[in-house]
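*Asks:* The structure is given below, and queries will be raised subsequently.
Coordinate-derived values only; no laboratory data. None of the values given here were measured: they were computed from a predicted structure. Because the Cβ atoms are built from the backbone with ideal geometry, glycine has one as well, and the counts that use them run over all protein chains shown.
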Amino acid sequence: MKKIQFDEHRQAHFAHFNSMANPHFGITAEVDITVFLDCVRRSPTLRFTPAMVYLISRAALEIVPFRWRIRRCNNGDKEAVEIVEHSNLRPSFAVPTATSSAFSFCTVDYNEDPLAFHTAAEAVMERMKHEPSFEDEPGADDYLFLSTFPWASFTSVTHAMPAADQGDSVPRIVWGKYHKKDNKVMMPLAVQAHHAVVDGSDLGRYYQEIQRLFDKSEEILNFFQSNHPPLSRR
């Protein structure tokens, strides 16, 4: 993690959007997961959710502004704002629990190695099913908040957000129910970010990157492949 300084133009942009009562904006678009879903269905060990979280997180790390965070700190007698850039992020996503109808937060350290990440994610997901937690680490902002809405192929998403003056600048990404369209499998993907640190062009580059990774799923996740018949589980 390091502190960064914006140039004059970028600082003006930051100040403008950081002063807004609702500085967050979001985009929802469909992505093609045909190759990705085929990889999951052909593998006896690859699970949909850990693999999806891995690719979504990997794409986010490639977009530098997705790693910027706004921090409020005391500077003498007044409150100051600083921007930090994380070198890594921790995806935190919702998982169902065995103890109630409520979900649990599930936070996993990102690992560039997909097998290592998948293994760690499976272990944490299993633990959270029986030991649910609804708390984030106090003061931590190196999160990437993820969720899923598998019941419908949505066209937009809104999030419960803290007050704007708390400076929450963690991106939020939600994937929805996939469906067949013109011989492809399409899935809605909603991305929300703080406009003081993330622009529309950054979201555009994110969608390009995540689509590139979905298209390369067989190469990225090739160690999970086998000659087993397709599986029907998520």
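*Asks:* If neighbour count is taken as other Cβ atoms inside 10 Å, put ARG69, ARG172, ARG42, ARG127 in order from fewest to most.
*Replies:* By the 10 Å Cβ count, ascending, the order reads ARG127, ARG42, ARG172, ARG69.
*Asks:* Using 0.36 nm per residue, how much length does the chain from GLU82 to PHE134 gain when fully extended, once their Cα-Cα distance is taken away?
*Replies:* Gain on stretching GLU82 to PHE134: 16.0 nm.
*Asks:* 5 Å is the cut-off here: which amide hydrogens, built 1.01 Å from N in the peptide plane, fall below it relative to SER169, excluding neighbours closer than 5 in sequence?
*Replies:* ILE70
*Asks:* While we're looking at this one, here's another question. Taking 0.36 nm per residue of sequence separation and subtracting the Cα-Cα distance, how much length would be gained by fully extending the chain between HIS179 and SER201, in nm to one decimal? Walk me through the intermediate numbers first.
*Replies:* Details: separation 22, 0.36 × 22 = 7.92 nm, distance 2.71 nm.
Residue separation times 0.36 nm, minus the Cα-Cα distance, leaves 5.2 nm.
*Asks:* Identify which of ASN88, ASN22, ASN183 has the largest mean-square fluctuation in a Gaussian network model of the chain, with springs joining Cα atoms closer than 10 Å.
*Replies:* Result: ASN183 has the largest fluctuation of those listed.
*Asks:* Could you pull out every residue, at least 5 positions away or on a different chain, whose amide H is within less than 5 Å of the one on HIS24? Hs are placed 1.01 Å off N in the peptide plane, and Pro or chain starts have none.
*Replies:* It is HIS195, by chain and number.
*Asks:* Between THR45 and SER101, what FRET efficiency comes out of the Förster formula 1/(1 + (r/R0)^6) with R0 = 25 Å and r the beta carbon distance, rounded to 0.05?
*Replies:* Result of the calculation: an efficiency of 0.30.
*Asks:* Still on this model: With +1 on each Lys and Arg Cβ and -1 on each Asp and Glu Cβ, and nothing else charged, work out how big the dipole of the chain is about its Cα centre, in Debye to the nearest 20.
*Replies:* So the dipole magnitude of the chain works out to roughly 760 debye.
*Asks:* How much net charge surrounds VAL197 when only the other residues with a Cβ under 13 Å from the Cβ of VAL197 are counted, with Lys and Arg +1 and Asp and Glu -1? Show your work: numbers first, answer last.
*Replies:* Working: positive: ARG10, ARG67, ARG69, ARG71; negative: GLU82, GLU85, ASP141, ASP168, ASP199, ASP202.
Here the count lands on -2.
*Asks:* Rank the residues HIS118, HIS9, HIS195 as a footprinting-exposure proxy: fewest other Cβ atoms within 10 Å of their Cβ go first.
*Replies:* Numbers: HIS118 23, HIS9 8, HIS195 20.
Result, fewest neighbours first: HIS9, HIS195, HIS118.
*Asks:* Check the chain and count each lysine pair with an alpha-carbon distance under 23 angstrom, considering only pairs eight or more places apart or from different chains.
*Replies:* Final tally of qualifying lysine pairs is 7.
*Asks:* Sticking with this structure for a sec: Check SER43: other-chain or 5+ apart residues with amide H under 5 Å from its amide H, H built from backbone geometry?
*Replies:* LEU231
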